[in-house]
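The values are calculated or read from the model by the stated rules, or taken from the named source; none is laboratory data. Model, not experiment: these values are computed from the prediction. Quick reminder, even Gly has a Cβ in these numbers, built from the backbone with ideal geometry, and neighbours come from all protein chains shown. Surface accessibility is based on the protein's heavy atoms, side chains included, excluding ligands, DNA and RNA. Shrake-Rupley method; radii C 1.70, N 1.55, O 1.52, S 1.80 Å.
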Amino acid sequence: MWTYVNPRGRYYMRAKSYFSFGTSLHQALQRFYDAGDTGVTTASEAVAALEESWIDSGYETPDQMADALSEGKEILARHLEAVEQQPPSGKTVFIERQFRHDLGEFVLIGRVDRVDEQPDGTYRIVDYKSGRESVSEDDVRNDIAMSIYQLILSRRFDDRRVEASIVALRSGEEATVRLSSAQLTELEQDLVAIGQEILRRNWDEMTPVAKPLCERCDFLPLCRQHPDYEPLLPA
Ligand code: SF4
């Protein structure tokens, strides 16, 4: 469970099974790709590591959690056995690394799963999606996080080409896209405009508007405190 505190009080955010599932898989993959971690160098060691560091919060029943663990082990084994058969073309240079890009009034921060240096020197950002069966180049191009990672790394390593890949862990499918310099500049300008709007808008004067997704939103207790918030369903 996550806690956040603001001037109106302390709120608790419910743990989510899909976050626990994704984080557990990411941690096992992180150990597999970390050359310094000599305890996890094979697919079967990664599966054992998944079991050891499995996060069990957010599941509704023990059976649901056990099914998820067994599914996670299957996905990880299948994916890493394929990697063992055909290793990636690049050399891993960063794992679970946070990068920052200063945009003046605010800082853009991104945490990438993995970065591989390709034989031609290109940095390829690799992002694992534990819930996906397939992925296309359009999916990568339209993924705002992948575009932001490319922007941050392009600015940090301006002597390198940077590209981004999404790996759909359930199928092993992978798609890669490289944004042009003009596309990165346009994205940067859009982010500056959005960031400035967020900084300048008077949020206290805004009224939260009820919508169907409010029912599942962790911030609902906070929005309900607003005198003009009218929920679609009674509390
Ligand atoms: S509860 Fe509030 S923050 Fe959440 S979706 Fe509804 S209006 Fe937005």
Worksheet item: Identify, please: which residue in the range 57-94 is open to solvent by less than 60 Å² (accessible area, probe 1.4 Å) and in a loop (DSSP other than H, G, I, E, B) and is, among those, farthest from G22 (Cα to Cα)?
Response: G90
Discussion item. Being within 16 Å of the ligand (Cβ to nearest atom), in a loop (DSSP other than H, G, I, E, B) and either of a type outside the set (G, A, S) or exposed (fewer than 10 other Cβ atoms within 10 Å of the Cβ) (or both) is the filter here; which residues of the range 194-216 pass it?
Written reply: R201, M206, T207, P208, V209, K211
Worksheet item: When residues of the range 137-154 are filtered for being among the aliphatic types (A, V, I, L, M) and part of a loop (DSSP other than H, G, I, E, B), how many remain?
Response: 0
Response to the item:
Residue pairs qualifying under the 6 Å Cβ cut-off, at least six apart or on distinct chains, with the first in the range 196-216 being over 25 Å from F106 (Cα atoms) and the second being modelled with pLDDT under 90 and more than 9 Å from the ligand (Cβ to nearest atom), are A210/E230; A210/L232
Worksheet item: List the pairs whose first member sits in the range 11-36 and is closer than 11 Å to Y59 by Cα, whose second member is among the aromatic types (F, W, Y) and open to solvent by less than 60 Å² (accessible area, probe 1.4 Å), and whose Cβ atoms are under 9 Å apart, counting only residues at least 6 apart or on separate chains?
Response: A15/Y59; S17/Y59; S20/W54; S20/Y59; F21/Y59
Practice prompt. Have a look at T61, T122, T92 and point out the one that is within 27 Å of V40 (Cβ to Cβ) and more than 20 Å from the chain's Cα centre (by Cα).
Written response: T122
Fill in: the range 218-233, residues that are more than 9 Å from the ligand (Cβ to nearest atom) and touching a residue at least 40 places away in the same chain (Cβ under 8 Å)
Q225
Item to complete: Kindly indicate whether S134 is part of a loop (DSSP other than H, G, I, E, B), over 24 Å from R31 (Cβ atoms) and in the same structural domain as T185 (by TED's automatic domain parsing).
Response: yes
Worksheet, complete the sentence: Subset of the range 144-193, residues of a type outside the set (G, A, S), open to solvent by 30 Å² or more (accessible area, probe 1.4 Å) and in contact (Cβ under 8 Å) with a residue 60 or more places away in the chain, comes to R170, E188, V192
